[in-house]
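Following: one structure in structure tokens, then a few remarks.
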Amino acid sequence: MKIKSFFLSLGCLLFLVSCNKENKTEKVDYVLFSGTIKNAIGNEIKIYGDSNHFNQIIEIKEDGTFSDTLKIETKGGYSFIIGQERSSMYLDLGDQLDLSIDVKKFGESIKYTGTAAGPNNYLAESLLLQEKILAEGPEGYKNLYSKEAKAFKDEVLKLKQAKNGLLKKFTNLDPEFISKRTKEHHYEYLYMLNTFGGTHAYYTKKSGYKTPEGFLDELKDFDIDNSEDFESSQAYRQLVLSVFDRISSKKSDTDSIPFDKAQMENLSKIKSKNIRNILIKNIAHQVSPRNDNAVELYNMIMEVSDDKELKTRLTQQFEKVKQLIKGNESPVFNDYENFAGGTTSLNDLKGKYVYIDIWATWCAPCKAEIPHLKKIEKEFHNKNIEFVSISIDKKAQYDAWKKMVVEKELSGIQLFADNNWSSQFIVEYGIQGIPRFILIDPNGKIVSASAPRPSDAKLLDVFKELNI
């Protein structure tokens, strides 16, 4: 009887062991994600895939808890967003992860438990480390990139080494995760080196600044054609796009050709289809009224791209761009309210060049151009040109517009558009960002649908060429 009970118990034990083995090897295509959020902003937490199209919204209950199943397809980098705050995550099929966070102390309060706690706690601490070393934020970023080249390089190298050191703090991390993060840290470091020159020049106002000899030696043989890393690494993708633009800019200067043409010539050297497609999409943004080379660029992209969806969208975009090519009849505005009294239409100004400033009272970059615009207006007063400023403020800001015209002593012809962003003139010029400047000739034809800003010295070159 005892022997029978023993074998029966052994049989049950073997059955349980067998069941457990089956459960472990069973393919799972989800992550169990739950947690508690204090001081939540809104009632939802959003999950995004960094290198795929995954996105999911989970409801946060009144007590701050949430729980759901994430049907991810691949392991790798993800992000969660609460309100305006974002943090990185690392998820694998079959993970169980529990998050605890106080949104008022966002980064420093993130804690994970569960089977995927290790890599995710590492990512949270890594972000805090980065903020501590680089003093992140608008001013911290500016201060970092304003440093001289050697000091900057020392700082970002210190960050890379600190992140690699942090990996050793967490035991039982997947060797593949460690390998990928180490590589990611190196790509982040190279990206910061690659972007230093232009960003340093911007913050320090050193026009034409060049990095010291040898500064970019680590990028000399960098491969921007690694299809696998482009799919799996967000840092590598950013780095590829950044390096591609830098070498294209250099080629543009060396060969004296437009930047977009240099990009297309460099594109021919890229063999990886996924990388080529993303680069082509980025280049396609330049098929716009702002680009005098838009027609040639459109034709080049249509010839090399095999992305049907992109080509369809680009063709629709190009149909609008074609209408704004130099020499075409300009779209017109009719009966816009004139601050000086009455109304004004574009046709009222025929016989002179018309330089149009599209702006709004809430637009800081627009207001930054005002002193430069006033200076040019004064210089070209009584010349063959009219300066027109069109506010696209909403009707609720009408009084603010009138007040600013007086307080800033705005000169030229000050007009108020009839329907802000939806005004026909604004729509037909495809304006989606301001300030925007337009130059029209005395016959009402387009000289430039996106003319240089008043702060740009090139504007005076344009006026000189036209004998204004």
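The values are calculated or read from the model by the stated rules, or taken from the named source; none is laboratory data. Quick caveat, the model's predicted, so the values are computed rather than measured. A quick note on method: Cβ atoms are made from the backbone with ideal geometry, for glycine too, and the neighbour counts reach across all protein chains shown. Keep in mind that these areas ignore ligands, DNA and RNA; they rest on the heavy atoms of the full protein, side chains included. Shrake-Rupley method; radii C 1.70, N 1.55, O 1.52, S 1.80 Å.
Within the stretch 203-223, being touching a residue at least 40 places away in the same chain (Cβ under 8 Å) and either assigned to a helix (DSSP H, G or I) or farther than 18 Å from residue 248 by Cα (or both) holds for 203, 204, 212, 215. Could you tell me which residue of the stretch 434-468 is nearest to residue 370 (Cα to Cα), considering only residues that are out of contact with any helix residue (DSSP H, G or I) (no Cβ under 9 Å at 6 or more places or on another chain) and without any contact (Cβ under 8 Å) to a residue 60 or more places away in the chain? The selected residue is 457. Residue 125 fulfils the conditions (1) open to solvent by less than 70 Å² (accessible area, probe 1.4 Å); (2) among the charged types (D, E, K, R); (3) within 24 Å of the chain's Cα centre (by Cα) except for a single criterion, (3). Taking the stretch 283-295 as the range and being in a helix (DSSP H, G or I) and surrounded by 15 or more Cβ atoms within 10 Å (Cβ to Cβ) as the test, the residues that pass are 283, 284, 294. Can you tell me which residue within the stretch 28-38, out of those that are in contact with a strand residue (DSSP E or B) (Cβ under 6 Å, 6 or more places away or on another chain) and not aliphatic (A, V, I, L, M), is most open to solvent (accessible area, probe 1.4 Å)? Ranking the candidates gives 38 first.
Among the listed residues 401, 421, identify the single one that is in contact with a strand residue (DSSP E or B) (Cβ under 7 Å, 6 or more places away or on another chain), modelled with pLDDT of 95 or more and assigned to a helix (DSSP H, G or I).
Exactly one residue qualifies, and that residue is 401.
Of everything listed in (1) more than 25 Å from the chain's Cα centre (by Cα); (2) at positive phi, the single unmet condition for residue 167 is (2). Checking 378, 352 one by one, the residue that is among the basic types (Lys, Arg), touching a residue at least 40 places away in the same chain (Cβ under 8 Å) and either closer than 20 Å to residue 411 by Cα or loosely packed, with under 14 Cβ neighbours inside 10 Å (or both) is 352 and no other. A search for C-beta distances below 7 Å between a residue of the stretch 171-186 that is modelled with pLDDT of 90 or more and any residue that is of a type in the set (D, E, K, R), counting only pairs 6+ apart in sequence or on different chains, returns 185/160; 185/163; 186/160. Of note, residue 368 does not satisfy the criterion of being modelled with pLDDT of 95 or more and either in a helix (DSSP H, G or I) or open to solvent by less than 20 Å² (accessible area, probe 1.4 Å) (or both). Per the conditions (1) under 24 Å from the mean Cα position of the chain (by Cα); (2) part of a loop (DSSP other than H, G, I, E, B), the sole criterion not satisfied by residue 332 is (1).
Is at least one residue of the stretch 178-187 under 16 Å from residue 133 (Cβ atoms) and either of a type in the set (A, V, I, L, M) or under 23 Å from the mean Cα position of the chain (by Cα) (or both)? Yes, because at least one residue in the stretch 178-187 is under 16 Å from residue 133 (Cβ atoms) and either of a type in the set (A, V, I, L, M) or under 23 Å from the mean Cα position of the chain (by Cα) (or both). Here residue 339 qualifies as open to solvent by 70 Å² or more (accessible area, probe 1.4 Å) and either modelled with pLDDT of 95 or more or under 19 Å from the mean Cα position of the chain (by Cα) (or both).
Mind telling me which of the residues 250, 183, 150, 169 ends up being open to solvent by 20 Å² or more (accessible area, probe 1.4 Å) and not in a helix (DSSP H, G or I)? Unique residue meeting the criteria: 169.
Taken over the stretch 107-156, the criterion of being among the aromatic types (Phe, Trp, Tyr) and in contact (Cβ under 8 Å) with a residue 24 or more places away in the chain is satisfied by 122, 145, 152.
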